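Every number here is computed from the coordinates shown, using simple stated rules; none is lab data. On a predicted model such as this, the values are computed, not experimentally measured, just so you know. Here the Cβ is made from the backbone with ideal geometry for all residues, glycine too, and neighbour counts use every protein chain on show.
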Amino acid sequence: MTVQSFSFLFASFALLCWVAVAVVAVTAIVRRVAGPQALVEFRNGLGRVALPLAWIVAAVTMAGSLYYSKVQGYVPCELCWYQRIVLYPFAVILAIAAWRRDSSIRVYAIPVLCIGVVISVYHSWIQWFPPASGTSFCTTDTPCTLKYVDEFGFVTLPFMALSAMAVIIALLSISRYDDSEELVEEVEIQS
């Protein structure tokens with residue numbers, strides 16, 4: 001498989017992540033508008049597989065990142081390293097949480113992932129709209145504005161990281177392993 005094929009595959013995964021984010025958001029909006037009983041079975045079913053799916057996203061993201069740097073020889077810039085620092089541990093942490101069925105991990109994971117989202121948004125921004133004066137993160141050896149991947153005219157490596165973090169946040173926000181959390185929500189809403 002060529003690097004172009006891998007880039008197309010990973011870019012497609014990034015777009016699929018945004019579809020998943022949209023599904024979670026629409027589900028939340030429908031439940032807010034139609035009431036807590038709307039889409040209960042769908043949300044509970046998705047909630048039960050959300051944690052393993054989040055782990056798969058983190059593992060595939062880490063594997064893709066390592067592929068680009070170790071196999072293709074793309075040198076990560078400083079902002080790429082910050083994004084990796086956020087994402088790499090979740091390939092292990094979410095595996096443990098999925099195995100233990102510990103959906104409470106979201107309390108610790110989501111704030112860290114939000115920091116990664118901010119870094120990815122900034123990195124994507126400076127790649128799409130490079131500042132004339134450069135940035136304090138860019139160096140001549142590994143400029144932050146260099147696009148190793150540019151699929152569909154907008155999917156770059158930081159956008160892929162952003163996509164992964166966004167879908168992991170969305171999946172963690174709905175993760176659950178039993179219906180007791182749903183019942184607690186219903187009781188609180190009815191009170």
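So for Ser124, Ser12, fewest C-beta neighbours within 10 Å to most, what's the order?
Ser12, Ser124
I need the calculated FRET efficiency for the pair Ser173 and Arg101, taking r as the beta carbon distance and R₀ as 25 Å, to the nearest 0.05. Before the final figure, lay out the partial values.
Numbers: r = 17 Å, r/R0 = 0.66.
According to the calculation, E is roughly 0.90.
As a calculated quantity, the FRET efficiency between Ser12 and Val121 at R0 = 30 Å, using C-beta atoms, amounts to about 0.90. Against the chain, whose longest principal axis comes from its Cα atoms, helix 106-128 is set at around 40 degrees. Note on the chain: GNM, Cα springs under 10 Å; of Thr140, Thr156, Thr27, the largest mean-square fluctuation is that of Thr140.
Mind jotting down the distance between the C-alpha centroids of the stretch 90-109 and the stretch 1-50, whole Å? Distance between centres, Cα-based: 19 Å. Once you place label points 7 Å from the Cα toward the Cβ at Val71 and Ala25, how far apart are they in nm? Label at Val71, label at Ala25, 3.1 nm between them.
Across all directions, the shadow cast by the convex hull of the stretch 2-93 built on its C-alpha atoms averages 7.2 square nanometres. Local charge sum around Met62 (other residues, Cβ-Cβ under 14 Å, Lys/Arg +1, Asp/Glu -1)? Its environment carries a net charge of +2. With everything on Cα atoms, drop me the angle between helix 157-174 and the longest principal axis of the chain, reported from 0 to 90° to the nearest 10. Roughly 10 degrees, rounded to the nearest 10.
Angle of helix 180-190 to the longest C-alpha principal axis of the chain, folded into 0 to 90 degrees and rounded to 10: 70°. Let's test the formula: R0 of 25 Å, r as the Cβ-Cβ distance of Tyr88 and Phe129. What FRET efficiency results, to the nearest 0.05? Plugging the Cβ-Cβ distance into 1/(1 + (r/R0)^6) gives 0.35.
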